[in-house]
Amino acid sequence: MSLKNGKPNPLDYFEMRRVDYACPHFKYTTLDKYNPSNVRSIDEWIRKNLNYRYYIGQGIALDKTNTIVYTTRIGFESEKELSFFTIACPLI
């Protein structure tokens, strides 16, 4: 259960919830800019409101002028959590 519901999560206890690498089976969304302070805020929101494993990291993409830009890549193990994140997170 999420932290806001008052029940501990075993993945949090063993520090296995946020993964350090982009897993191929995760479902991803991309934010336009990479900002480390924003990443910390998003990480805190995910820890409080969601349950399963996730990934937050830096990615690269091409903009409209074919210039390489750094983006924030956020992935979730569960598609339901990705949907809830894109609808409910006030930080994006």
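The values are calculated or read from the model by the stated rules, or taken from the named source; none is laboratory data. Every value quoted in this text rests on a predicted model; they were computed, and no experiment measured them. Cβ: placed from backbone, ideal geometry, glycine included. Neighbour counts: every protein chain shown. Ligands, DNA and RNA are excluded from the accessible area calculation, which covers all protein heavy atoms including side chains. Shrake-Rupley method; radii C 1.70, N 1.55, O 1.52, S 1.80 Å.
Computed packing ranks the peptides 41-49, 22-30 as 41-49, 22-30, most packed first, by mean other Cβ atoms within 10 Å. Look at where the Cα atoms of the stretch 14-28 and of the stretch 48-92 average out, and the two centres are 12 Å apart. Quick one: how many lysine pairs in the chain have C-alpha atoms under 28 angstrom apart, if they're 8 or more apart or on different chains? Eligible lysine pairs with Cα atoms under 28 Å apart amount to 13. Principal semi-axes of the equivalent ellipsoid, √(5λ) from the alpha carbon gyration tensor of the chain, are 25, 13, 12 Å from largest down. At 1.4 Å probe radius, can you tell me the per residue accessible area of the chain in Å²? Accessible area per residue, the chain: 69 Å². Mean separation of Cα pairs under 8 Å and 6 or more residues apart, divided by the residue count, gives the chain a relative contact order of 34 percent.
Comparing Thr71, Asn49, Ile60 along the charge dipole axis of the chain, the residue lying farthest to the positive side is Asn49, per the Cβ-charge model.
Helix 36-49 and the longest principal axis of the C-alpha atoms of the chain enclose an angle of approximately 30°. For the chain, the share of accessible area belonging to carbon and sulfur comes to 54 percent (1.4 Å probe, ligands and nucleic acids excluded).
Once both axes come from the Cα atoms, what is the angle between helix 79-88 and the longest principal axis of the chain, in degrees from 0 to 90, rounded to 10? Relative to the chain, helix 79-88 is tipped by roughly 80 degrees. With each label modelled as a point 7 angstrom along the Cα→C-beta vector, the Glu44-Val19 pair spans 2.6 nm.
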